[in-house]
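Down below is the structure, laid out as structure tokens.
The values are calculated or read from the model by the stated rules, or taken from the named source; none is laboratory data. Predicted model, so just to flag it, every value in this text is computed and none were measured. Backbone-built Cβ (ideal geometry, glycine too); neighbour counts: all protein chains shown.
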Amino acid sequence: MKTYNRIRHSILASVLIFTVLTIFSGCDENGGILIPSGATDLTLSIGSNDNINDNPLDMVVITEAKALVTEIEYERERDGIDQLHQTGPYVVNFNLAGTLTEVLTGYIVRDIYTKAKFKIHKPESSETPADPEFKEGTGDAQRFSFIIKGTYNGTAFVYKSKKSAAIEINFNSATNINLKNQNLTVLFNKTGWFKSGNTVLNPNDPANADAIDNNIRNSFRRAFEDDNKDGQPD
């Protein structure tokens, strides 16, 4: 019986070792990603696609823009299921001159994706954001998701959006995320943030807040694979 038990234990140990080696031989090259189909180290970058510098004589001149971004996901083509990239929130300082800003990098299951989804996030009353400007207190009107600074008719302003916004952008074509490292780029257009048609919206007028918030949400228009990070679809 003792001999039988020794043989039995030896066989079980061999099976265990074989199983572990098999699992890790199937991991992604960067290691530790126990996903049968593999994983891609995916970067998300954001940039402006209206690289026109503000004219100092314009009624509205934007000098800074930043947001709290969270729940970054991509919709899979074959079943419409969202794959989570990161949860956040992250403070994103937007480069207004066209240079891409890298928002995050992390692993995602390799597959074909059709949409990028993320949320401009208003912090909860109990949440402490990394940038204190996004929260002046616990009241609903004291927490902000998007902050824009600049001048209106030559006078400094700070516009703070009090709304969270879910943003969903179709890729310009179904995007196959299947390499070791890849980048997706999302572009926004800032020139329409403070406009309604040809009318300039005063950022200091609370009556314009809904229109400005809608403009911000709708300004995120394009998403595409951009592995060389030049701001153009590959």
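Identify all residues within the range 171-223 that are more than 20 Å from the chain's Cα centre (by Cα) and loosely packed, with under 13 Cβ neighbours inside 10 Å; write none if there are none.
Those that are more than 20 Å from the chain's Cα centre (by Cα) and loosely packed, with under 13 Cβ neighbours inside 10 Å: GLY197, ASN198, THR199, ASN204, ASP205, PRO206, ALA207, ASP210.
Which residues, counting only those in the range 136-169, are in a strand (DSSP E or B) and of a type in the set (Ser, Thr, Tyr)?
THR151, TYR152, THR155, TYR159, SER161
Could you tell me how many of the residues in the range 176-211 are assigned to a strand (DSSP E or B) and under 20 Å from THR101 (Cβ atoms)?
Matching residues across the range 176-211 total 8.
For the range 52-81, enumerate the residues that are loosely packed, with under 15 Cβ neighbours inside 10 Å and not in a loop (DSSP other than H, G, I, E, B).
Passing the criteria: THR63, GLU64.
Among the residues that make up the range 18-32, is at least one of them surrounded by 10 or more Cβ atoms within 10 Å (Cβ to Cβ), charged (D, E, K, R), modelled with pLDDT of 70 or more and part of a loop (DSSP other than H, G, I, E, B)?
No, the range 18-32 has no match at all.
Kindly indicate which of SER145, SER126 is of a type in the set (Gly, Ala, Ser) and at pLDDT 95 or above.
Exactly one residue qualifies, and that residue is SER145.
Out of the residues in the range 130-161 that are over 30 Å from ALA39 (Cα atoms) and within 19 Å of the chain's Cα centre (by Cα), state the one that is surrounded by the fewest Cβ atoms within 10 Å (Cβ to Cβ).
ASP131
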